[in-house]
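Reading through the structure tokens given below for one structure.
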Amino acid sequence: MSTHALPTRGTSLALHGVGKVYRAHGRDVIALENVTLELGATEFVSIVGHSGCGKSTLLRLAAGLDRDHSGKISFDGHPVTGPSLERGIIFQEHRLFPWLTVAQNVALAVHHAGLAPAGKQALVQSRIDLVGLTGFERAFPHQLSGGMSQRVAIARALTGSPRLLLLDEPFGALDAFNRLYIQQELQKIWQQQRLPMLLVTHDVEEAIFLSDRVVVMSPRPGRIQRIVDVRLPHPRDRTSAEFVAVKRVLLDELGYHAARAPGRAAA
């Protein structure tokens with residue numbers, strides 16, 4: 001395990017000196033300050049930190065949903081000036097249209113793509129199959145569990161053929177069992193697609209299970225406090241000594257020193 005940034009093989013997303021200031025109650029509030037981070041072309045990176053540290057704000061900036069910031073953000077060498085289908089985003093709420101079926105919700109991603117009907121149907125079906133929802137094409141959101149609905153959201157994001165996937169606490173509303181299952185499914189998708197992914201999460205174990213690197217954000221103003229490399233083979237064993245050692249480092253960074261057993265030295 002290392003605690004420095006891994007060299008990237010072909011940069012996908014690059015943030016250099018990024019800052020964000022909000023105006024609230026007549027005063028300026030610094031949400032992000034001097035954030036510099038590069039995401040490799042096939043890399044999975046997670047961002048963790050306490051509430052209010054600017055994790056989700058950083059993701060919105062990377063998605064182009066907010067252009068009012070300092071510093072530079074680029075994707076594949078081009079400035080990020082607004083939202084793009086090249087950068088798919090998945091939120092904590094699945095945001096499915098309740099009056100549309102699974103297949104219809106997924107197809108929204110290619111509604112204006114100019115594909116022939118047969119090609120569109122084949123693409124939608126391939127993404128539904130990828131997230132393990134074969135047979136549920138005609139189901140409506142109210143007929144699905146929370147985990148299944150979130151898989152539909154993932155399928156929809158992937159249908160637009162993004163070159164980067166941004167995930168804003170997408171499993172936060174799920175129960176523990178669904179959460180573990182969807183984490184495993186996302187890991188499979190990442191390994192199959194080799195798509196760079198940037199995940200915001202408050203779950204340290206989730207970050208370790210999925211990521212090549214974990215970025216720890218400091219409290220407001222949000223800065224990068226530390227980057228921890230996770231050099232563990234997949235599939236990862238959450239009970240292994242190596243996994244627990246990485247978890248201890250991250251919890252220490254987040255201020256949870258009591259999580260270390262008495263008499264144990266920090267990793």
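Values in this text are rule-based calculations from the coordinates and carry no lab data. These numbers come from a predicted model, not from an experiment. All Cβ positions, even for glycine, are placed from backbone atoms using ideal geometry, and neighbour counts span all protein chains on display.
Data table
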item	result
18 Å Cα-Cα reach of K55 towards lysines, excluding residues that sit fewer than 8 places from it in its own chain	K20, K72
Rounded, prolate or oblate (a/c below 1.5 giving rounded, otherwise prolate when a/b exceeds b/c) for segment 138-182 by Cα gyration tensor	oblate
Directionally averaged projected area (convex hull, Cα atoms, segment 1-154), nm²	12.6
Lys, Arg +1 and Asp, Glu -1 on Cβ, resulting dipole of the chain about Cα centre, debye, nearest 20	160
Proxy reagent accessibility, fewest Cβ within 10 Å first, across E43, E38	E38, E43
Binned Cα-Cα distance frequencies in segment 128-267 - 5 Å width, integer %	2, 8, 17, 20, 19, 14, 10, 6, 3, 1, 0, 0
Total charge dipole magnitude, segment 89-161, about the Cα centre, Cβ charges on Lys, Arg, Asp, Glu only, Debye to nearest 20	60
Cα-based equivalent ellipsoid of the chain: semi-axis lengths in Å, sorted from largest, via gyration tensor	31, 23, 17
For segment 89-161, diffusion coefficient by Stokes-Einstein and Kirkwood Rh (Cα), 10 °C, 1.306 mPa s, µm²/s	133
Magnitude of the charge dipole, segment 98-216, Cβ model with Lys/Arg +1 and Asp/Glu -1, debye to 20	480
Helix axis angle, 241-253 relative to the chain longest principal axis, alpha carbon, degrees	70
